[in-house]
Amino acid sequence: MKRNLLVAAFVSLTMAFASAGLAQTAEPLPLPVKKQPQASQSSVPVAVRSESLELPGLTACHQCEWRPKPNEMAAPEHCGIGADGKPLLAQFECGFSQECDRVCNFVRCLPQ
């Protein structure tokens, strides 16, 4: 019985030292490398993806898209001339056409 106990202890210690020694000297196992198919071998066509936050008609997709801003300008043809001989002011909405030409639309005459 003592002999079996000694043999078991010897085997246990031998295994413990062997596994500790292997753990210190062992190199990590390399990961498997998958070989990627070349472009000519691929059966799936590659699609170019393009994303944009612009919504047609709602956001500017052209640098000269119409975005009116209020402007005050002299408008003698719409509002007339004041008593002092100066043209009266009017409010216009000004922006740019698709061809990048400045466009101003009359809105109203400003009070004197």
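Rule-based calculations on the coordinates, nothing more; no lab input. This one's a predicted model, so the numbers in the text were calculated from it and none came from an experiment. Cβ atoms come from the backbone with ideal geometry, glycine included; neighbour counts cover every protein chain shown.
Electrostatic tally near Val103: other residues with Cβ closer than 13 Å to its Cβ, Lys and Arg +1, Asp and Glu -1, net -1. Near the amide H of Phe96, within less than 5 Å, lie the amide hydrogens of Arg67, Val103, all on another chain or at least 5 residues away, with H placed in the peptide plane. Net charge in the neighbourhood of Gln91 (other residues with Cβ under 12 Å of its Cβ; Lys, Arg +1, Asp, Glu -1) is 0.
Pairs of Cα atoms nearer than 8 Å and 6+ residues apart set the relative contact order; for segment 69-109 it is 37 percent. Packing around the peptides 85-95, 69-79, taken as the average count of other Cβ atoms within 10 Å per residue, puts them in this order, highest first: 85-95, 69-79. Residues of segment 70-104 with backbone nitrogen within less than 13 Å of a virtual label 7 Å along the Cα-to-Cβ line of Gln63, please, listed as ranges. Flagged as within label range: 99-101. Computed from backbone phi, the HN-Hα couplings of segment 64-77 come to 10, 5, 5, 9, x, 10, x, 9, 10, 9, 5, 9, x, 6 Hz, rounded to whole numbers (Karplus: 6.51 cos²θ - 1.76 cosθ + 1.60, θ = phi - 60°; Gly and Pro given as x). Farthest towards the positive end of the charge dipole of segment 69-109, among the residues Gly95, Met73, Ala83, is the Cα of Ala83, using unit charges on the Cβ of Lys, Arg, Asp and Glu.
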